[in-house]
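Worksheet: the structure to be examined is printed underneath.
FYI, it's all coordinate maths here, none of it is from the lab. Since the model is a prediction, treat every value here as computed from it, not as a measurement. Ideal geometry is used to build each Cβ from the backbone, glycine not excepted, and the neighbour counts take in all protein chains shown.
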Amino acid sequence: MSKKILAIDDEPHMLKLLERIITEKTSYTIMTLNNSLEIENVLNQNQFDLIISDLKMPGNDGLDILKMVKEKDRPEEVIIITAFGSIESATKAITMGAFDYITKPFKKEQIIHTIDRAMKCHCIKDKARKWKEILDTKPFSKAKDIFEVEYVKNMSEEIDCLPEMIAEETGIDIEKINTILKNY
Amino acid sequence: MGIESKSQNIQDYSLKNFRYLVVISLVVILILMGVGLYIVYHDADTIEQHFINEFNEQQLALAKQVALQIEMEIKNIKSELDYLASMDLNSRSSLDVDKIFQAVIKHNQNNGLIETGVFSNNGKVYGNYIDTTFKGIPNSKIPLICNNYPQEMTMTYTRYNMGQSGQQLSCIFWITKIYNTADTVKLYLHYDLKRLIGKVAGEISSGRTGYAWVINEQGWFVYHPHDVYVGEIAYLIRQRYIPDYDLKKINNIMKNDMLAGKYGTNSYHSGTYGELNTSVGKLIAYAPINIDFIQDKKIWSIGVVTPVSEVLEGVLGTTTRHIAAEIAIIVSMFLLGVLIVVYERRMAKYLSRRVTEQKSYLTSILQNTVEAIIMMDKDNKILVWNKGAENIFGYTEKEMIGKTFHRIIPPEVDANQELEKIHEEVATQGYIRNYRALRLTAEGRRITVDLSRTVIRDDEDDIIGSVAIIKDVTREMDVEQRMYNTEKLASIGTLAAGVAHEINNPLAVILGFTDLLKDRFKEGSSELEDLKIIEKNAENAKKTVENLLGFARVSEGEQESVNVNESLQTVISIVESTLIHEKVKLIYEIDENLPDVSGDTREFQQVIFNLINNALAAMKGSEGTLRVSGWVESRRVCVRVTDSGIGIPDLIKPRVFDPFFTTKKVGEGTGLGLSLCYGMIKKYGGSLDFFSHSAEDDPNEPSGSSFTVTMKFAYSYKTEKGV
């Protein structure tokens with residue numbers, strides 16, 4: 001399943017550039033938003049893994065969007081694009097919880113590298129959250145069930161093999177694995 | 001000084017005037033007082049005279065009245081005689097006749113009737129009736145005296161020497177009665193004149209002690225309160241009693257007026273009055289007593305006399321009080337005057353003390369103010385040159401008094417034109433305010449002054465000069481200039497930042513797409529080469545924008561500390577080879593162990609690098625000297641880069657920190673170097689100053705520039721060392 005990126009900028013050419021870099025140079029899918037005032041709608045209807053936002057925009061600016069994401073406790077990471085010289089705003093963004101900032105003009109490698117890092121970080125955070133959920137679950141039998149499901153899912157994703165092989169390697173009942181994978 | 005002496009003159013003048021006024025007033029007051037006193041005195045005299053006249057008039061009325069009464073009395077005697085004559089005494093019994101005469105005696109004895117009777121024409125007395133109560137006058141003489149036979153009543157005086165009590169004057173009135181030719185008798189009445197007249201005249205009192213006397217037509221005293229006078233001739237008796245006294249006046253009055261039967265009033269001096277034998281002024285009123293109903297008519301005269309002193313007693317009292325009141329008023333006025341003078345003198349003393357005090361205040365203010373206070377006369381020659389002026393311009397009072405301002409105006413300013421301009425404005429407007437001008441001090445320093453000048457007028461509103469207050473505002477101007485520069489740079493920075501942001505976006509798009517496009521072409525293809533050119537130029541634009549933003553940045557990131565010594569060493573090692581190549585001599589005078597300063601090491605190095613680069617550019621081809629020095633000064637580290645280059649002309653000095661301002665050829669410099677340095681240093685609270693001398697301005701002095709970077713001590717350094 002491909003990871004999703006939302007890019008927000010009032011400059012259509014800049015959006016187009018980001019779209020081109022991401023589609024041509026990465027495996028992620030990108031959605032672009034020209035009007036920052038629509039952000040709330042878009043976020044309500046979709047979930048993304050990463051948001052790339054320009055800092056200075058009419059309507060909601062980058063910091064407003066970042067604030068919105070953090071206040072609603074959404075899982076998206078946020079990368080802020082700033083012009084050279086607005087370092088104060090960029091550092092402010094970092095303290096407010098942005099993943100990183102990129103200054104304009106940038107090289108495509110800079111963008112790609114930062115996005116990759118963000119995605120990795122997002123993935124880890126996701127996992128950590130799941131682990132915490134399992135650990136917080138009561139009673140133990142239910143936690144065990146959830147864990148089993150996650151365990152099997154992870155196996156199937158990582159090894160990408162048949163249920164029989166998983167059953168043989170992990171010692172979990174084949175029927176159970178089938179049920180889990182079916183539901184998943 | 002001129003103005004003071006002028007005001008002194010005015011003061012003297014008014015003082016003199018005042019003195020004249022006082023003297024004139026005094027004279028007038030004295031004259032008035034004299035006139036007043038004279039009038040009062042004269043008035044007293046007039047009042048006195050008036051009073052005397054009034055009194056005498058009254059006395060005259062009294063005299064007239066008494067004269068009338070005396071006439072009446074004597075008329076009564078005539079009727080009495082007529083009554084007796086009407087009786088036919090012959091046909092009556094002697095008893096009857098006795099009764100009639102007794103009755104007459106009884107009836108008239110109070111009027112002074114001494115005796116009455118009838119006698120024959122040959123002197124035989126038929127009957128003689130005497131007032132037995134009266135003692136003294138014998139009657140034997142009567143027939144001798146009455147020897148004629150008047151048909152009308154006749155009067156004869158008889159005088160008796162009464163011894164001790166002097167003369168006794170009496171008067172016999174008789175009338176002839178003819179019964180038939182053979183029988184003719186005389187009826188007579190013998191009166192004691194003293195009692196007859198004294199009954200009326202003796203009652204008179206004029207004033208307090210005034211009295212009346214009566215003289216007969218012969219000048220005898222018919223009546224006088226003093227018995228000794230009666231029966232005497234007035235001239236003689238007076239002469240006898242007061243022989244040393246000149247009695248001409250009263251004698252004349254008697255002779256010319258009284259005995260002539262006139263009315264009148266007069267006054268005279270007499271040596272006696274009552275018992276007093278002193279000179280006494282007397283008032284006299286006199287009236288005639290006409291006794292015209294007797295056969296040979298007689299005129300007596302009555303005189304009423306009162307001493308003047310008595311009359312004047314009241315007047316004198318009034319006048320004395322009057323004069324006393326006048327004197328009291330004059331004295332009190334004099335005292336009031338004295339009081340006023342004393343008060344005035346005290347006041348004047350107090351005021352003069354106040355004036356002295358105020359004057360000393362003013363003088364002290366004038367002398368001790370920091371501002372120059374300069375006073376000029378009408379021809380703009382200096383009259384007053386205070387300490388402030390001495391301090392500001394360096395010239396002493398002695399050097400400037402009587403001079404004009406020309407010597408403190410620098411040669412590059414047209415002194416005549418500027419002074420003319422100021423004078424004209426002061427003359428037309430009355431003042432000039434906050435005029436900024438360039439001035440030259442005694443040491444040859446140029447200072448900027450703020451001058452205000454106002455004309456001074458005298459009491460007649462004529463201009464007598466002007467006063468100028470001058471402030472040295474060189475420092476303020478300097479600060480203002482700096483503030484203005486800072487403001488200017490800050491606003492340029494803000495503008496630049498805005499522009500840079502706008503350029504950044506399209507640059508990012510251009511660079512981004514160029515980057516993407518490059519991947520599509522093989523190495524060595526002409527398209528790829530073209531794209532690289534686009535990218536290169538876009539990158540240049542990007543750098544310019546970065547620099548511009550770098551200048552505009554206010555602060556960025558955390559404050560670091562810079563090791564000045566190390567940083568300088570690094571920069572020197574970079575430029576060393578260039579110095580050798582350009583044949584520039586380096587003098588390196590950096591204090592060892594300079595404290596760390598606040599700032600970014602890279603940026604600090606860039607600043608020094610830029611300054612050295614500029615210095616080298618200024619010395620290009622002249623084998624000059626580069627001096628880099630560093631020291632600590634009031635808790636700051638100063639680093640100075642000095643060159644012996646061409647210097648910066650005065651004209652462009654204010655613009656050296658402006659972004660994009662450059663004297664280099666197009667392509668050699670961006671004009672951002674110094675403005676960047678300025679931005680970097682300011683960001684850490686430091687300052688960047690310079691002084692420079694260009695050969696263009698003055699070829700006689702060595703040219704060159706010197707830029708000084710002043711940086712604050714680093715925070716960590718301060719806390720560690722407790723600075």
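Observations on the structure shown:
- The alpha carbons of the range B:1-368 stretch over 144, 37, 32 Å along the principal axes, in descending order.
- When shorter helices are ignored and each DSSP H run of at least 4 residues is given -39500 (n - 2.57), the per-residue value for the protein assembly as shown at 222 nm works out to -16500 deg cm²/dmol.
- Each residue of the range B:405-410 is assigned a 3J(HN,Hα), and the resulting list reads 7, 3, 6, 9, 9, x Hz, derived from the Karplus form 6.51 cos²θ - 1.76 cosθ + 1.60 (θ = phi - 60°), x at Gly and Pro.
- Amide H to amide H, with H built 1.01 Å from N, B:Leu113 comes under 5 Å of B:Asp192, counting only residues 5 or more places away or on other chains.
- In terms of its C-alpha gyration tensor, chain B comes out prolate, because a/c is 1.5 or above and the ratio a/b outweighs b/c.
- Of A:Lys138/A:Lys182; B:Lys99/B:Lys199; A:Lys92/B:Lys532; A:Lys107/B:Lys712, those spanning more than 30 Å from alpha-carbon to alpha-carbon: A:Lys92/B:Lys532; A:Lys107/B:Lys712
- When the Gaussian network model of chain A links Cα atoms closer than 10 Å, the mean-square fluctuations of A:Asn60, A:Asn41, A:Asn154 top out at A:Asn154.
- Convex hull per residue volume in Å³, alpha carbons only, for the range A:4-126: 93 Å³
- Under the Debye formula (equal points on every Cα, no solvent term), log10 I(q)/I(0) of the range B:479-552 at q = 0.11, 0.13, 0.19, 0.22 Å⁻¹: -0.42, -0.52, -0.78, -0.90
- Cβ neighbours within 10 Å from other chains - mean over B:510-516: 6
- Listed residues B:Ser309, B:Cys171, B:Gly207: farthest to the positive end of the dipole of the range B:1-368 (Cβ charges): B:Ser309
- Alpha carbon convex hull of the range A:85-126, projected area averaged over orientations, nm²: 3.2 nm²
- In sequence order, calculated HN-Hα J values of the range B:389-404 (Karplus, 6.51, -1.76, 1.60; Hz; x Gly/Pro): 5, 4, 5, 6, 9, x, 9, 7, 4, 4, 5, 9, 4, x, 9, 9
- Evaluated on the range B:561-721, the Kirkwood hydrodynamic radius is 16.1 Å, with distances taken between all distinct Cα atoms.
- Residues listed by number, the range A:48-64, amide nitrogen under 18 Å from B:Glu502 label point at 7 Å toward C-beta: A:56-58
- Over all distinct Cα-Cα pairs of the range B:370-472, the Kirkwood formula returns a hydrodynamic radius of 13.6 Å.
- Taken as Cα centroids, the range A:16-38 and the range A:56-74 sit 18 Å apart, rounded to the nearest whole angstrom.
- Cα-derived Rg over Rh, computed across the range B:421-547 with Rh taken as Kirkwood radius: 1.51
- Karplus-derived 3J(HN,Hα), 6.51/-1.76/1.60, for each residue of the range A:121-132, Hz, glycine and proline x: 4, 4, 4, 5, 4, 4, 5, 4, 4, 4, 4, 5
- Chain B: angle of helix B:601-618 to the longest principal axis, Cα-based, in degrees nearest 10: 90 degrees
- Dipole orientation for the range A:4-126: of the candidates A:Met57, A:Asn35, A:Ile111, A:Ile111 has the Cα lying most toward the positive pole (charges on Cβ; Lys, Arg +1; Asp, Glu -1).
- Per-bin percent of Cα-Cα distances, the range A:137-183 [10 Å]: 28, 55, 16, 1
- Per residue, the convex hull spanned by the alpha carbons of the range B:514-651 comes to 205 Å³.
- Cut-off 16 Å, label 7 Å out along Cα→Cβ of B:His50, residues of the range B:321-336 by amide N: B:321-323
- About the centre of its Cα atoms, the range A:137-183 shows a dipole size close to 400 debye [charges on the beta carbon of Lys, Arg (+1) and Asp, Glu (-1) only; nearest 20 debye].
- Annotation: amide H of B:Gly127 within the under-5 Å range of B:Val118, sequence separation 5 or more or interchain, hydrogens built in the peptide plane.
- Cβ-placed point charges (K, R +1; D, E -1), dipole of the range B:370-472 about Cα centre in debye, nearest 20: 480 debye
- Förster-model FRET efficiency, 35 Å R0, A:Glu88 and B:Leu579, C-beta, rounded to 0.05: 0.35
- Rg and Dmax, both from the Cα atoms of the protein assembly as shown and both in Å, are 75.5, 235.
- Residues B:Ile533 and B:Gln481, FRET efficiency given R0 of 45 Å [Cβ-Cβ distance, rounded to 0.05]: 0.50
- Centroid-to-centroid separation of the range B:194-237 and the range A:103-123 [C-alpha atoms, Å]: 169 Å
- Dipole magnitude for chain B: about 3500 debye, using +1 per Lys or Arg Cβ and -1 per Asp or Glu Cβ, origin at the Cα centre.
- Peptide ranges B:389-402, B:352-365, B:211-224 listed from the most packed, as the mean C-beta count within 10 angstrom indicates: B:211-224, B:389-402, B:352-365
- Reciprocal mean inverse distance between Cα atoms of the range B:424-492 - Kirkwood radius, Å: 14.4 Å
- In nm, spacing of pseudo-spin labels at B:Gln58 and B:Arg240 (7 Å Cα→C-beta vector): 3.5 nm
- B:Ile233-B:Val342 FRET efficiency (beta carbon distance; Förster radius 60 Å; 0.05 resolution): 0.25
- Other protein chain Cβ atoms within 10 Å, averaged over every residue that makes up A:7-15: 2
- Remark: mean inter-chain Cβ contacts per residue of A:98-106 equal 4, using a 10 Å Cβ-Cβ cutoff to other protein chain atoms.
- Taking label points 7 Å from Cα along the Cα-to-Cβ direction, A:Cys121 and B:Asp88 give a separation of 19.6 nm.
- Stokes-Einstein diffusion for the range B:410-454 at 37 °C, viscosity 0.692 mPa s, with a Kirkwood radius from C-alpha pairs, works out to 293 µm²/s.
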